[in-house]
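Just so you know, all these numbers are worked out from the coordinates, no wet-lab data involved. Fair warning: this is a prediction, and the values are worked out from it, not measured in the lab. Positions of Cβ are backbone-derived with ideal geometry, glycine not excepted, and every protein chain shown enters the neighbour counts.
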Amino acid sequence: MIRHLLSAADLGRDDALLVLDTAIEMAATASRSVKKLPTLRGRTVVNLFYEDSTRTRISFEAAAKRLSADVINFSAKGSSVSKGESLKDTALTLQAMGADAVVIRHPESGAPYRLAQWLDGVVINAGDGTHEHPTQALLDAYTMRSRLGRIDGLRVTIVGDVLHSRVARSNVLLLDTLGAEVTLVAPPTLLPVGVEAWPATVSYDLDAVLPKSDVVMMLRVQRERMNDSYFPTQREYSRRYGLDVRRLGALPEHAIVMHPGPMNRGMEIAPQVADSPRSTIVEQVSNGVSVRMAVMYLLLGGSGSKENS
Amino acid sequence: MTTYLIQGAAIGAGAPTDLLLRDGVIAETGTGLSAAGAERIDAGGLVALPGFVDLHTHLRQPGREDAETVETGSMAAALGGYTAVCAMANTDPVADTAGVVEQVWRLGQEAGLVDVQPVGAITVGLAGERLAELGAMAESAARVRMFSDDGHCLADPALMRRALEYVKAFGGIIAQHAEEPRLTQGAQMNEGVQSARLGLTGWPAVAEEAIIARDALLAGHVGSRLHVCHVSTAGSVEIIRWAKSKGWQVTAEVTPHHLLLTDELAGGYDPVFKVNPPLRTAEDVGALREGLADGTIDVVATDHAPHTREDKECEWGCARPGMLGLETALGVVAEAMISTGLLDWDGVADRMSTAPARIAGLSGHGRRLETGAPANLVLVDPAAPWTVRADELASISRNTPYAGLRLPARPVATFLRGHATVLDGKGQW
Ligand SMILES: [Zn+2]
């Protein structure tokens, strides 16, 4: 198993499948009366969050606690972080505290890579800038697998602000590793120059792609992007790239609709679509805990364990 | 003053020759020279070149003496084989008055290791809004001829035109940091495959090329001298080639790092590889080398940019752009241009000394090593591979992108008007 989880590209096919298989076992424990596993007893997991993301932090916290780890939340607000302490100094502090794993959410791309150079513990990227969010991709893959029974050969369409999306980057990499065919749909302004090197097809025409999709994943689009002329108006964006009821009908019957959240209802996704039975949005949240348990279990529970090895 | 007899150094790509340095000049050249009382330097196997001239150095003084001072930057320059450096104006306070440029010039004189030629800011405070007193800086003791808002692009086309015109009155030249600001908002690295993968905001080649094209057209229109700083893209080389073909007075520089390194180095997010303009692709590196070889690009300039640990030991997006360059320039140029056969040592002498001295108007530098010339020269060991160690550099800062890299050649002795500033690779201070 890899040492840190910084990018979805860190996971080879075997490792990725091991995470997904382990997540199934973790999910099974959630239905037991005693939900906790003793695996990480005595180990310290730090949630180091430089961005507000209550949902992701809670997901990691729940995962760590179900593995019996001690959890320390180190959030940007009200800590030394906001007083201008450097990431390196924070890393040295966490090192001194004996952090076994640091889950980091940071507005700057690559911050987890820097952190990993300054810490002995495991670093898990919980979203860095516009770079990656590998555990989101893992939980998305887990969700596809549980709904559709496989990932190999699935046609996955990712729609929206690919340029600024860490979810898209991680999903493209992981889905390619797992054998899915990815199509990216976005206005050309919201696709990065250089996207042609990604293992994905690009289209500007959502209606043409939907009938050939097993999964459609809608990305959050910030309304402020229109101020930088990435698109003219919210209305035009929704009309050209939003998933409404009509477009939902164009999907094959078995196809599912995903969204990493938080949603802009009425912008990239219509409320009726978000709440439809095709939508996996709620189960993505619960799957997130299982997948994050699996990641911590595999990265921390193995040979690096202080007590169990 | 010590008299030096340099024995058996190849003059550039030429034959081994003796050089007698006395009273600040090259007193004699020839073979089998002897001079009573002279300190002999066995230069067999070494190459003698005119002392290097750097058109683009950030010495950080006044204002950021925690990163570099005129004195430590001068040490780094001497060790790199330089006898003159042009100190960029983006200090604090900005070198936009006669007072500040004279201060920097005096600090250079006091250090006494290289000639420190201040560059004046074009606009007040580098703000790009109104001209600084360019004439006053030209008439000051610092005798400023080159003006630049480097660090910022002078984006306003009308102001750029006026600056180009105005400095003609005193033989000045405008050096532009070509970066269209609207196209590089928040830019972190070269825009392309790597930036897409790394999720870092792209700095597109067109942002450089569009400004160079505009400025070349302006320089042609008003008959003024334009110098393009740190050319970094293949497209820029083409535009400069075209501008020169028109007969316009356009010159250009390339940095050592743009001749050797590519944007793939951003992959680990270590900001030691963050620089502005950013590292580009291997294709760009190839075009820059060719442009330097065929003379489209006139000079190698370091853009030596010291930064403190705090400004580099952080997230990529929070780090300041810039790299050390003075002490490694010759080695990198040897790797990129000599080892590849693109330039010989005469070519290196031209691109690192003669051409930059001419552009900067430094008449005592960049001269042929012949009798009567000022004794500004460097002895290079062309076959002395060495490994760059950040801790061994003379700069206060440590932000070299070459740490651990093996370079094929290094300067072993530097003379400023006959004074040895470096002997046996060691600073004489
Ligand atoms: Zn510059």
Computed FRET efficiency, Cβ-Cβ of A:Glu196 and A:Glu236, R0 25 Å: what is it to the nearest 0.05? 0.45
For chain A, just the Cα set please: Rg and Dmax, both in angstrom. 19.3, 58
Please give the per residue volume of the convex hull enclosing the alpha carbon atoms of segment B:1-125, rounded to a whole number of Å³. 121 Å³
Top positive-direction residue, dipole computed over segment B:51-360 with Cβ charges, set B:Pro62, B:Gly247, B:Ala266: B:Gly247
Using Cα springs under 10 Å in a Gaussian network model of chain A, which residue among A:Ser109, A:Ser68, A:Ser229 shows the largest mean-square fluctuation? A:Ser229
When the chain is fully extended, how far beyond the present Cα-Cα distance does A:Arg13 get from A:Ala30, taking 0.36 nm per residue of separation? 3.5 nm
Provide, for the protein assembly as shown, the number of lysine pairs with alpha carbons under 20 Å apart, each pair being eight or more places apart or on different chains. 11
For the pair A:Ser68 and B:Leu405, the simple spin-label estimate (label points 7 Å beyond Cα toward Cβ) gives in nm 5.2 nm
What's the center-to-center distance, using Cα atoms, between segment B:394-429 and segment A:2-51 in Å? 52 Å
Would you compute, from DSSP H runs of 4+ residues alone, the mean residue ellipticity of the protein assembly as shown at 222 nm, taking -39500 (n - 2.57) per run and dividing by the full residue count, rounded to the nearest 500? -9000 deg cm²/dmol
Dipole of segment A:170-309 [Lys/Arg +1, Asp/Glu -1 at C-beta], most positive-end residue of A:Pro260, A:Tyr297, A:Ala200: A:Pro260
Dipole magnitude of segment B:37-111, debye to nearest 20 (Cβ charges: Lys/Arg +1, Asp/Glu -1, about Cα centre): 180 debye
Ratio Rg/Rh, restricted to the protein assembly as shown and using Cα atoms, in which Rh is the Kirkwood radius: 1.06
Neighbour-count ranking [beta-carbon atoms within 10 angstrom, fewest first] of B:Thr31, B:Thr302, A:Thr90, B:Thr421: B:Thr31, A:Thr90, B:Thr421, B:Thr302
Across segment B:238-249, in residue order, what do the Karplus-derived ³J(HN,Hα) couplings come to in whole Hz, using 6.51 cos²θ - 1.76 cosθ + 1.60 with θ = phi - 60° and x for Gly and Pro? 4, 5, 5, 4, 5, 4, 5, 5, 7, x, 6, 8
Quick check for you: which residues of segment A:38-58 have the amide N under 19 Å from the point 7 Å beyond the Cα of A:Val285 toward its beta carbon? A:52-58
I want the antiparallel fraction of DSSP beta bridges within chain A, as a percent rounded to 5. 5 percent
Sort segment B:51-360 into rounded, prolate or oblate with this rule: let a ≥ b ≥ c be the square roots of the eigenvalues of the Cα gyration tensor; rounded if a/c is under 1.5, and if a/c is not under 1.5, prolate when a/b is larger than b/c, oblate otherwise. rounded
Post the alpha-carbon centroid distance, segment B:32-68 to segment A:189-213, in whole angstrom. 56 Å
Segment A:135-280: percent of C-alpha pairs farther apart than 22 Å? 32 percent
Name the trypsin sites (Lys or Arg not before Pro) in segment B:396-429 that are in a loop by DSSP and that have at most 10 other C-beta atoms within 10 Å, would you? none
Quick check: pseudo-label points 7 Å beyond the Cα along Cα→Cβ at B:Arg143 and B:Arg182, how many nm apart are they? 4.3 nm
Computed label-point distance, nm, for sites B:Thr31 and A:Asp21 using a 7 Å Cα→Cβ extension: 7.8 nm
Lys and Arg at +1, Asp and Glu at -1: add these up for the other residues within a Cβ distance under 13 Å of B:Gly120 and post the number. -4
What does the net charge come to around B:Pro50 if you take all other residues with beta carbon closer than 12 Å to its beta carbon, with K and R at +1 and D and E at -1? +1
Semi-axes (Å, rounded, descending) of the ellipsoid equivalent to segment B:178-274 per its C-alpha gyration tensor are 28, 14, 10
Any idea what the dipole of the protein assembly as shown comes to, in debye rounded to 20, about its Cα centre with Lys/Arg Cβ at +1 and Asp/Glu Cβ at -1? 2000 debye
Computed about the Cα centre, the charge dipole of segment B:51-360 from +1 Lys/Arg and -1 Asp/Glu charges at the Cβ has a magnitude in debye, to the nearest 20, of 760 debye
Expected output is a single nm value to one decimal: the length gained when fully extending between B:Asp23 and B:Glu39, i.e. 0.36 nm times separation in residues minus the C-alpha distance. What is it? 4.4 nm
Taking neighbour Cβ counts within 10 Å as the exposure measure, how do B:Asp18, A:Asp15 sort from fewest upward? A:Asp15, B:Asp18
How would you rank B:Trp105, B:Trp242, going from fewest to most other Cβ atoms within 10 Å of each one's own Cβ? B:Trp242, B:Trp105
Enter the Cα centre distance for the pair segment B:298-373 and segment A:225-255, rounded to the nearest angstrom. 52 Å
